[in-house]
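The values are calculated or read from the model by the stated rules, or taken from the named source; none is laboratory data. Note that the coordinates shown come from a computational prediction; the quantities given were computed from them, not determined experimentally. Using ideal geometry, Cβ is built from the backbone for each residue, glycine included, and neighbour counts are taken over all protein chains shown. Quick note on the areas: whole protein, heavy atoms, side chains included, nothing else; ligands and nucleic acids left out. Shrake-Rupley method; radii C 1.70, N 1.55, O 1.52, S 1.80 Å.
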Amino acid sequence: MFRKIFYLCIPKTIDNRIFMQLSNYHSHCTFCDGRSTPEDFVKFAISHGFRAYGFSSHSPLPFETFWNMSKDDMPEYLAEIDRLKKKYSDRLEIYTALEIDYLDETYNPSVPYFQELPLDYRIGSIHFLPISEHLSEENMVCIDGSFADYKASVERYFEGDIRKLVTRYYDSTLKMIEAGGIDIVGHMDKIYMNGHKCEGFSFDTAWYQEPFRATLDLIAEKGLMVEINTKNLEKKQQLFPRKEYLGLLKEMNIPVMVNSDCHYPDLVNDGREKAFKLLKEIGFKSTRELVKGEWQDVAID
């Protein structure tokens, strides 16, 4: 049996800790490449005292992959999350979203298909870089996945020069932000996850710093939120964006929230404590949270 959690519209404290930030807005389930049903994630969130939980399955693409949702499954996805919203309405705020890939100007979060879906918010992310105008899986460079595949793509499509891949990644990220249609920028610098293992990669050079900072400038200009993505924090000591850049986000007044990008129910809360410790050390006073359907800045302390 799962315990019920009741809260007022002000932060609830248990053991002198504030639980308004017990939320997760980036998660996956069996509608994409998640490893369990939506309801299993909801039950875990409730049993661990969560206030809010958002599903953000990988959006459909113009081609089928093993980890993206099929467009044919969209009605069932929306219906299932709506069912869970109603079933658990007295215990958890549940939200419906998608993590939507930017491929090019013809397929991205701003196109009518995604804008007309009844979503509570949209996460924009880059996982693929097209190498042809024909949008098919064989014409995509995947920036996620294994390092072996990543390195092979650098060699084959970018003349073995990691700088060219990084430049292309941030160019796509800037185009995604400019196109609009999103609320949250997902794992904004994930290019370094595999990229930092490549010969010639450096965080300190102009070819990395200039497009990275241009991305932050455009995020701030557009008033978007950035997630602090903890998916790799515990197992690889990687945070997206890197912890070294959190101070820049604070200086630029870019709103953040902590998301686990979980694919397993027992990882819903993975890395949260470490991430909030970092945010507090840097001087963040609040995170952006969905409270009763409205984005609000909620004090950390």
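A Cβ-based charge dipole, computed about the Cα centre of the chain with Lys and Arg at +1 and Asp and Glu at -1, lands at about 1340 debye. Each residue of the range 257-271 is assigned a 3J(HN,Hα), and the resulting list reads 9, 9, 10, 8, 6, 7, 10, 10, x, 6, 10, 4, 9, 5, x Hz, derived from the Karplus form 6.51 cos²θ - 1.76 cosθ + 1.60 (θ = phi - 60°), x at Gly and Pro. Suppose R0 equals 35 Å. What FRET efficiency, 1/(1 + (r/R0)^6) with r the Cβ-Cβ distance, do S146 and W295 give to the nearest 0.05? After rounding, the FRET efficiency stands at 0.45. At a probe radius of 1.4 angstrom, the accessible area of the chain per residue rounds to 45 square angstrom. Expressed to the nearest 5 percent, the antiparallel share of DSSP beta bridges inside the range 84-147 is 45 percent.
Can you pull out the GluC sites (Glu not before Pro) in the range 149-215 that DSSP calls coil and that have at most 14 other Cβ atoms within 10 Å?
E159, E199
Prolate is the label for the range 92-171, because a/c, from the alpha-carbon gyration tensor with a ≥ b ≥ c as root eigenvalues, is 1.5 or above and a/b exceeds b/c. Simple spin-label estimate for S136 and S202 gives 4.1 nm between the two label positions (7 Å along the Cα-to-Cβ direction from each Cα). Once the Cα-Cα distance is subtracted from the 0.36 nm per residue extended length, the E221 to S47 segment shows a gain of 58.8 nm. Loop-resident trypsin sites (Lys or Arg not before Pro) (DSSP state other than H, G, I, E or B) in the range 225-301 with no more than 15 further Cβ atoms inside 10 Å of their Cβ: R242, K285, K292. Calculated translational diffusion coefficient of the range 152-265 (4 °C, 1.567 mPa s; Stokes-Einstein with Kirkwood radius over alpha-carbon pairs) equals 87 µm²/s. Out of G34, I81, H48, whose Cα points farthest toward the positive end of the dipole of the range 21-142 (charges: +1 Lys, Arg; -1 Asp, Glu; placed on Cβ)? Looking along the dipole axis, the top candidate is H48. Magnitude of the charge dipole for the range 87-144, about its Cα centre and with charges confined to Cβ atoms of Lys, Arg (+1) and Asp, Glu (-1), is about 300 debye. As a fraction of the 1.4 Å probe accessible area of the chain, surface on carbon and sulfur atoms comes out at 48 percent.
Hey, with R₀ at 22 Å, roughly what FRET efficiency would R35 and S89 work out to, going by the Cβ-Cβ distance, to 0.05? Efficiency, rounded to the nearest 0.05: 0.30. Between the labelled values [x] 20.2; [y] 19.7; [z] 21.1, the entry that holds Kirkwood radius over Cα pairs in Å as derived from this structure is [y]. Sorting D261, D183 on solvent-accessible area from highest to lowest, probe radius 1.4 Å, gives D183, D261. Extending 7 Å from the Cα toward the beta-carbon at both K274 and E178 defines two label points whose distance is 3.6 nm. For the chain, the 222 nm mean residue ellipticity estimated from helices alone, with every DSSP H stretch of n ≥ 4 adding -39500 (n - 2.57) and the total spread over all residues, rounds to -9500 deg cm²/dmol. Comparing L129, L119, L216 in a Gaussian network model of the chain where C-alpha atoms under 10 Å apart are linked, the largest mean-square fluctuation is found at L119.
Computed about the Cα centre, the dipole magnitude for the range 17-127 is approximately 720 debye when only Lys and Arg (+1) and Asp and Glu (-1) carry charge, each at its Cβ.
Listed here are the pairs K164/K250; K164/K277; K87/K243; which of them are more than 32 Å apart at the Cα? Distance filter (> 32 Å) returns K164/K277; K87/K243. Fully extending the segment from A79 to E155 would add 23.0 nm, taking 0.36 nm per residue of separation and subtracting the current Cα-Cα distance. The label point for E244 and the one for D171, both projected 7 Å from the Cα toward the Cβ, are 2.5 nm apart. The distance linking the range 24-90 with the range 236-296 is 21 Å (Cα centroid to Cα centroid, whole angstrom).
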